[in-house]
Every structure is written in C-alpha cells, then in structure tokens.
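Report on the structure given below.
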Amino acid sequence: MYSERSSAFAGAVVWEKTAVEGDGAVLPDGCMDLIWMDGDVVVAGPDSRAYIARTRPGDRLVGMRFSPGTLPRLLGTPADELANARVPLADLLGNDDTARLLSAIADHPDPATQLEEFAAARRRFASRSDGRIPVIVNLLARQCPIREVADRVGVSERQLHRLCRREFGYGPKVLARILRLQWAMELAGSVSAAEAASLAGFADQAHLIRESHELTGRPFGRLVMSS
C-alpha cells in the first residue's frame, strides 16, 4: 500500500508505504529521499538505475522526496557521493542530530511531519540556493541540447557537468535521459507507447524500449503497469 501528498516544504512530496511483498525496484527519477524505516532515517541518493529495496512484508516506510538538487544543499553533501546508495543519516550529520530527529519521530504519531520540520530547520542553516538549478532541470526535462543548457546558465559544458554531478549525482545527459523516461511513463497513462515516445522526445518506440531496459532493467510496458 502506497500513498503520498504534497509537502509543506516547497518542491517536496511526503509518502508512506507498507511493504506487501518483499524486495522491490525503485526507479530512477532524479530525486533524493529521506526515509524513516526500522527505527532509523536513511538518505536515498540519486539513482541512475533501478535500486532493489530490501524490505519485509509489513514493513512501514515513511519518506520525503525532494526535487532534484534540494537535499544535497540541506545536508551539505555533494549528490555524487550518494549516487546509487542508501546511507544512514548519522553518517552524514553525526549521531546527535540524528538522535534528536529519531526522538522527535518516536514522540509523534506522524513521522512525516517530523521529517518536514527537520528539512525546514536544515534549510534555515543551509547554503543559499542556486537559482541555476531549477533552470537546468527545466531545460533538461525539455531535452534541450547540453550546449544550449550551458549557455543559458552562463557556464561551459565542463562546468555544467561538474555542477550537475554535485547537485544531481550525475551529469546532465544522464539526468535528461531519466527525466525523459519519467515523462514518457506519465504520458503512457493516456496515450499509446508510440505516442508517448514521440511526445517525450524519443527517436521512436524502439528507442524508448531500449532506454527503459538500460535505466530500469524492465520493459516499458511493465513500468507503466506497475506505476
């Protein structure tokens, strides 16, 4: 069972899941999460491929999903150091800060609100947000050429690559591929796979199918059915 809602923290989504089966694949989406599970809080780094989450039937997970480029700033940790990984929050912030968050969660009926309050508190002390980040995400989601993206934000292509690795966990080409597949999955709920491929910017349906296998290890049709 899965549910989600918009967060009071701008650009984030709060979600909750009770595991029904066992292991499940988490698909790359360009985002990072804070997840409370098994009495601990872990940071889910940006995935460039499907991540197999190890859970047991009945496990309860409560998470907060942040838009690309947000959580690295709150934690003071470059995203590429967390790519394709799940890291205990204590490894990044230390035991004291993590213990305070876990204590607040234990004393409150809704862990999600405590994750939101934690994020809001971290934002007050985090480095100033980089206005280029949402511009880069928007341009890459529209499949703009890398050179054009770099020109629009006033950096070289090499600087753009470094910036994207620090903020998103991987270079601009990989993020563009992930965002394109996510858009195709959304479109496929109302149009055919061929139409979704065309509208999302794939060369053709075969291209979409190849990207689905390379990024998730699953056929595109199966992704749509399970989303």
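The values are calculated or read from the model by the stated rules, or taken from the named source; none is laboratory data. Model, not experiment: these values are computed from the prediction. No Cβ is skipped: glycine too gets one built from the backbone with ideal geometry, and neighbour counts run over all protein chains shown. When the accessible area is computed, the model is the full protein with side chains, heavy atoms only, and any ligands, DNA or RNA have been set aside. Shrake-Rupley method; radii C 1.70, N 1.55, O 1.52, S 1.80 Å.
Tabulated results
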item: Burial ranking of peptide ranges 55-63, 137-145 (average Cβ count within 10 Å, highest at the top); result: 137-145, 55-63
item: Neighbour cut-off at most 16 other Cβ (10 Å), DSSP loop, GluC sites (Glu not before Pro), the range 7-91; result: E21
item: Estimated FRET transfer efficiency when R0 is 30 angstrom, pair E186-R128 (beta carbons, to 0.05); result: 0.40
item: Principal axes of the chain: Cα extent on each, largest first, Å; result: 52, 44, 26
item: Calculated [θ] (222 nm, deg cm²/dmol) that DSSP helices of n ≥ 4 give over the chain, each run adding -39,500 (n - 2.57); result: -14000 deg cm²/dmol
item: Carbon plus sulfur fraction of accessible area for the range 1-139, probe 1.4 Å, in percent; result: 51
item: Prolate/oblate/rounded label for the range 140-214 (Cα gyration tensor, a/c 1.5); result: prolate
item: Tensor-based shape of the range 5-53 (alpha-carbon gyration tensor, a/c under 1.5 rounded, otherwise prolate or oblate); result: oblate
item: Amide H contacts under 5 Å for M37, placed H, 5+ residues apart; result: V42
item: Accessible area of M1 in the full protein assembly, 1.4 Å probe (Å², nearest 10); result: 150
item: FRET efficiency, D107 to V20 (Cβ-Cβ, R0 30 Å, nearest 0.05); result: 0.60
item: Most mobile of L179, L187, L71 in a GNM of the chain (Cα contacts under 10 Å); result: L187
item: Cα gyration tensor shape of the range 1-101, rounded if a/c is under 1.5, else prolate or oblate by comparing a/b with b/c; result: rounded
item: For peptides 208-216, 128-136, sequence by mean Cβ density within 10 Å, most packed first; result: 208-216, 128-136
item: In Hz, Karplus ³J(HN,Hα) per residue of the range 156-171 (6.51, -1.76, 1.60; θ = phi - 60°; x = Gly, Pro); result: 7, 5, 5, 5, 4, 4, 5, 4, 5, 4, 5, 8, 10, x, 7, x
item: For G30, distant residues with modelled amide H under 5 Å away; result: D47
item: Expected-Rg normalisation [2.2 N^0.38 Å, Cα atoms] applied to the range 96-227; result: 1.36
item: For the chain: accessible area per residue (Å², 1.4 Å); result: 51
